[in-house]
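For reference, the structure is listed below as structure tokens.
The values are calculated or read from the model by the stated rules, or taken from the named source; none is laboratory data. Just so you know, these numbers come straight off a predicted model, no measurement behind them. Note that each Cβ is placed from the backbone with ideal geometry, even for glycine, and that neighbours are counted across all protein chains shown. Surface areas here come from the heavy atoms of the whole protein model, side chains and all, with no ligands, DNA or RNA. Shrake-Rupley method; radii C 1.70, N 1.55, O 1.52, S 1.80 Å.
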Amino acid sequence: MAPLLFIAALMAASCSSSEAASKVSFEENFSMMCKDSHFKTSEDGQIWYLSLDKETGCGFQTKQRYRFGWFSMKLKLVGGDSAGVVTAYYMCSENGAGPERDELDFEFLGNRTGQPYLIQTNIYKNGTGNREMRHMLWFDPTEEYHTYSILWNNHQILFFVDQVPIRVYKNNGEANNFFPNEKPMYLFSSIWNADDWATRGGLEKTDWQKAPFVSSYKDFNIDACQWEDPYPACVSTTTKNWWDQYNAWHLSSTQKNDYAWVQRNLVVYDYCKDYQRFQTMPEECSLSPWD
Ligand SMILES: *[C@@H]1O[C@H](CO)[C@@H](O)[C@H](O)[C@H]1NC(C)=O
Ligand SMILES: *[C@@H]1O[C@H](CO)[C@@H](O)[C@H](O)[C@H]1NC(C)=O
Ligand SMILES: *[C@@H]1O[C@H](CO)[C@@H](O)[C@H](O)[C@H]1NC(C)=O
């Protein structure tokens, strides 16, 4: 599906400074939010497995909150018949679905055996989301680990699959009600049953005969400003952190090419093009991803 040139570009565009970032360990940096029976690690502790069965799902979250930075992990999704199952990887300013939360979501929507997964992304500011995009992938995400990352600064939020930015969400530099930039966020991951909406709009139900459904995680990489109360250090826009620097405020030329390819080939749904849903397009839809 991907043209050869594109693959060459991908291989050349290896991700700058993130490789050097510190290792994140489960005990030190994460808390589990499920029963022991639904969370396992490999013997060396480097791979984490979350499972879902009819009784319950599983999740984990960071102990710390962060404001701006680079958040990345490798994920291998539930294989076989995963219809109705959603694996999420997201950042949120709160522990629950509070009315004033900020949130950045990656959601992987499972499917029947052999049918393609979709990735849904969404952005919440102060409790309001409704900013969904859906993409197809150019590989089978259940076969190998792939890297999913979020770059977040005060200028843009990028959602990456491997080195490819699939979504660009810009700030306009003014006080607004669409760009989450004030509240520090935790990083979460979880697996749950969403067969009321996830697969073909809820038509395909979870087949519990196939449980447990297991998704696998490794190589967490957080290179970000850790929030500390009381009033914290992660405020300056002129810090030395690479994710706050000019180069991270917009796409590089390689990223522009990759992003254009994704836009042409893989977008399944974009709320900014949904004229039936919105009489007036949300303000952020007029901001150019190329700036
Ligand atoms: C992980 O936890 C350790 C120990 O508390 C801390 O020093 C480190 O900064 C944390 N890393 C991140 C990315 O939060
Ligand atoms: C955030 O949302 C709350 C609850 O809906 C609302 O009362 C508050 O005015 C909002 N804050 C801002 C800054 O828009
Ligand atoms: C699941 O597969 C069907 C049939 O190929 C497709 O229409 C749908 O977009 C796929 N993904 C989801 C999440 O429904």
Roughly how many debye, to the nearest 20, is the charge dipole of the chain about its Cα centre, given +1 on each Lys and Arg Cβ, -1 on each Asp and Glu Cβ, and no other charges?
380
Just read off the accessible area of Ser82 with the full protein assembly in place, 1.4 Å probe, to the nearest 10 Å².
0
For segment 59-88 and segment 31-57, what is the centre-to-centre distance using only Cα atoms, to the nearest Å?
13
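What ratio of Cα Rg to 2.2 N^0.38 Å holds for segment 96-140? Display every interim value, and only then the final one.
On the way: Rg = 13.1 Å, N = 45, 2.2 N^0.38 = 9.3 Å.
So segment 96-140 has a normalised radius of gyration of 1.40.
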Heavy atoms only, probe 1.4 angstrom, no DNA, RNA or ligands counted: give me Arg134, Arg67 ranked by accessible area, highest first.
Arg134, Arg67
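Roughly what % of Cα-Cα distances in segment 64-179 sit above 22 Å, to the whole percent? Write out the running numbers ahead of the final one.
Details: 2339 of 6670 pairs.
Taking all Cα-Cα pairs of segment 64-179, the fraction more than 22 Å apart is 35 percent.
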Give the distance, in whole Å, between the Cα centre of segment 149-212 and the Cα centre of segment 237-282.
13
For segment 209-291, what is the convex hull (Cα atoms) projected area averaged across all directions, in square nanometres?
11.3
Diffing segment 59-65: the Karplus 3J(HN,Hα) column from phi (6.51, -1.76, 1.60, θ = phi - 60°), in whole Hz with x for Gly and Pro, holds x, 9, 8, 6, 6, 8, 10
Long-range HN-HN contacts of Ala224 with modeled amide H, under 5 Å:
Trp70
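A 25 angstrom limit on the alpha carbon distance is what I want to check against. Which of Lys35/Lys210; Lys76/Lys205; Lys170/Lys256; Lys74/Lys273; Lys183/Lys273 exceed it? Show your work: numbers first, answer last.
Details: Lys35/Lys210 20 Å; Lys76/Lys205 21 Å; Lys170/Lys256 14 Å; Lys74/Lys273 30 Å; Lys183/Lys273 28 Å.
Going by Cα-Cα distance, Lys74/Lys273; Lys183/Lys273 fall outside the 25 Å limit.
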Along its principal axes, what span do the Cα atoms of segment 250-289 show, with the longest given first and each in whole Å?
35, 21, 7
What's log10 of I(q)/I(0) for the chain at q = 0.07, 0.15 Å⁻¹, Debye sum over Cα points only, no solvent?
-0.25, -1.28
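For segment 71-124, state the semi-axes of the equivalent ellipsoid (square roots of 5 times the eigenvalues of the alpha-carbon gyration tensor), sorted largest first and rounded to whole angstrom.
Working: eigenvalues 125, 27, 15 Å².
Taking √(5λ) for each Cα gyration eigenvalue gives 25, 12, 9 Å.
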What does the charge add up to near Asn171, with Lys and Arg as +1, Asp and Glu as -1, over the other residues with Cβ less than 12 Å from its Cβ?
-3
By the C-alpha gyration tensor axes a ≥ b ≥ c (rounded if a/c is under 1.5, else prolate when a/b exceeds b/c, else oblate), the shape of segment 174-227 is oblate
In terms of modelled amide H atoms, which long-range or inter-chain residues lie less than 5 Å from the amide H of Ile47?
Ser42
Got a number for the accessible area of Lys63? Probe 1.4 Å, square angstrom, nearest 10.
100
Summing Lys, Arg as +1 and Asp, Glu as -1, what charge do residues with Cβ under 13 Å from the Cβ of Val267 carry, Val267 excluded?
+1
